[in-house]
Structures are given as C-alpha cells and as structure tokens.
Amino acid sequence: MTSATTITAYQLTELLRRVQPHVGHDGYANIEGIHLDYDGHHLHAVATDRYTLAAARERARSNSNAPAWALTVSAQEWTDDVAALLAWAGAHPGGHDVHLAPGADADSLTITSSRGKLVLRAGSGYFPEWRDIIRTALHNSGTESPWSCFESPLLARWKAADGQITAWQPAADKPLVVSGHNFIGLQMPAKLHSDGSQADRREQWKTSLGETGPERTQDETLHHWEAAALEEKGRLVESHTEDLLKQVLRSTSDLFSGATADTAAFNAFALAGTQSWMAYRLLKAMEKAAPDLLVKTLDDVTQQLESGEIGEWAWDEALAAGFDPWQWRDDYENHLKQQAEKRAKTAAHRPTDAA
C-alpha cells in the first residue's frame, strides 16, 4: 500500500486499549468512538466523553510524502468497530506490521497485514479539537495544590494509561492533567458539595492518626468529634423522619376529607401517603443497619432536590437500570388522552335540565 501508515500490532493494540475507557456512550454519536489521527510522525488515538479526554501516541512509519489523516472508528453498541479492530490486531503476533490507510472517500479505514485485510466504516466528521483542549490545559498557570473534588469512577479510567502516571491541577476549576509515556489526558473536576479544607480533614482524622490538638487532650478531642458527628447525624435523620410522618398523616387525613371529591386528588393523596410511609420504614431500617450510609444518602438526595433537576436524575437512573423512559412518557400521554376523550364523551351525553 503506497500511502499506508505502519505500526506493529502491539502498538495498535496499546493505542486503542489505553484510551478505550474514555469513549463516550451518552448519545453523542460524534464522540462514541476512538479518533485515529496521523500527523506525519505519530499515530494518535483519542477518546473523550466530555468529562475525561485521553490521547495516546505511537511512532509510525509511512512514505515521506504520505498525507496526514484523521478518522473516527465507531464504538457504538450496535456498530462496535473498535472491538473488531482490537480483536483483529490482537490475533497477530505483537511484532507483526499492520498498515492503516483511509478510504478514498474518507468514510472507511483499511487495515492490512501479511495475514489479511480488515475494512471498517470510519467517519471524518466533527470530533472535538483535542489538540486545542490539551494545549490550553498545559498552558494554565500553576498554583499551590487546590482543594478539589473528582468523581472516583472516572479516576479509575486512568489505570489503563500507564504503569506509572503523573498528575497535576493548576486550579480547582481547571482540569486535572494526567500524563504517562506517550500518553496525556484530562479530567474535569466535579462540583464541591461541601465546604472544607486540608486543615479540616486533618482535624477530623486526628484521633484515628494518633494526634491531639494543643487545646485538648486526646480523650477530649475524641469526645468532642464523636459528639458533634452524632449530633449532626441525629438532626439530619430526625428532620427527615418528622417530615415523612407529617406527610403520611396529612395525606391520610385528606384522603377521607371533603377535599377528595375529585378522583385525581384522591389518587394523589393515597400515593403521597403510601410512598411517604414506605420511605419512612426504609429510613428507619437503614438507621439501624447502616447509619453512615443513610446520612450520606440523605445528604445526596437533599442536594439533588435543591438542584431542581430530579426529573433529569430520574430519567438517567431509569436508563441506567435498563428501562425505557421514552415508552413510559408515551404510555402516560396516551393515558391522559384517553381520559380526556372519556370525560368529553361523558359530558356530551350528560342530560341537561329542562328550561
């Protein structure tokens, strides 16, 4: 092949493997894949889901006049060509050369070796300007270690980057930069949901680490910390317990009052009462079995409610659980339509008083 980019099967496998954890899978088709980018010197593999971005590179060989090229190989669930390419490369001895060449119409990628040929669909459309993004991050001025928050499941992705990595963050609102041999990546920080500092954490862990503050003995510090923590947990659980019981009593009271003449109101009061009672019983069970988990969960739920985006949270949770919220929405809208038609038909046949 006169214009092919050549690397070994091992290099190709490593390129794909190191960035694969960062492939997007949230409905944005243009980033649901691995972007292969040859610049005349290195073949780069790039992946991002907008929260993390990873770029790996390997020195490649080609003809001196071979043009640069860039194509995105799909990793969508129904067309996972990345998996096919990994399997194909992995079937070769590591030292065997493989040759990659874009199709004439820039919508395919052909990979050949002494063992055969693989042709994959590949796109030349929009992919984030990964060079600009990384260049900007590397030019951010550094500061002292910031107080930052990161999503731990996203941190686990860097395990595939290299045996040893370095990381730095110039500021709390700037991406974490992760680098290894022929590898560089970025991770956006998460929103801090609680105030604090390094000094606060040091103070909280003093008793576990065998340290005491100058103002208290070890026993006094332990008693003060445990008392404060228990008091905080007690207030949080007590508040939610009171709210749930109030809701149960109000709903059951309204259920049998004159306010429930409307069927929809009756159903709403019944649902509110039963759901509140269920939540109350689960809360009391968790308070006995896992009090720390209960407090953390209540804190998370409170923040979600305050965000005003519980509809979006519920939609994402439904998708993650394997349900079809679109179908739920369609079924509910059809139900409302049928109810409206039924009420209109009843009203049309209702006898009127004689004049």
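For region 18-148, what is the Kirkwood estimate of the hydrodynamic radius, computed as the reciprocal of the mean inverse distance between distinct Cα atoms, to one decimal in Å?
Hydrodynamic radius (Kirkwood, Cα only) of region 18-148 equals 16.0 Å.
Using a probe radius of 1.4 Å on heavy atoms only, what accessible surface per residue do you get for region 1-90? Whole Å² is fine.
Here the per-residue accessible area is 42 Å².
Under 5 Å between amide hydrogens, which residues at least 5 positions from residue 8 or on another chain qualify, with H placed 1.01 Å from N in the peptide plane?
For residue 8, whose amide H was placed from the backbone, the distant partners under 5 Å are 98.
The values are calculated or read from the model by the stated rules, or taken from the named source; none is laboratory data. As the structure is a computational prediction, the values presented were derived from the model and not from experiment. Side chains are part of the model used for accessible areas, which takes the heavy atoms of the whole protein and leaves out ligands, DNA and RNA. Shrake-Rupley method; radii C 1.70, N 1.55, O 1.52, S 1.80 Å.
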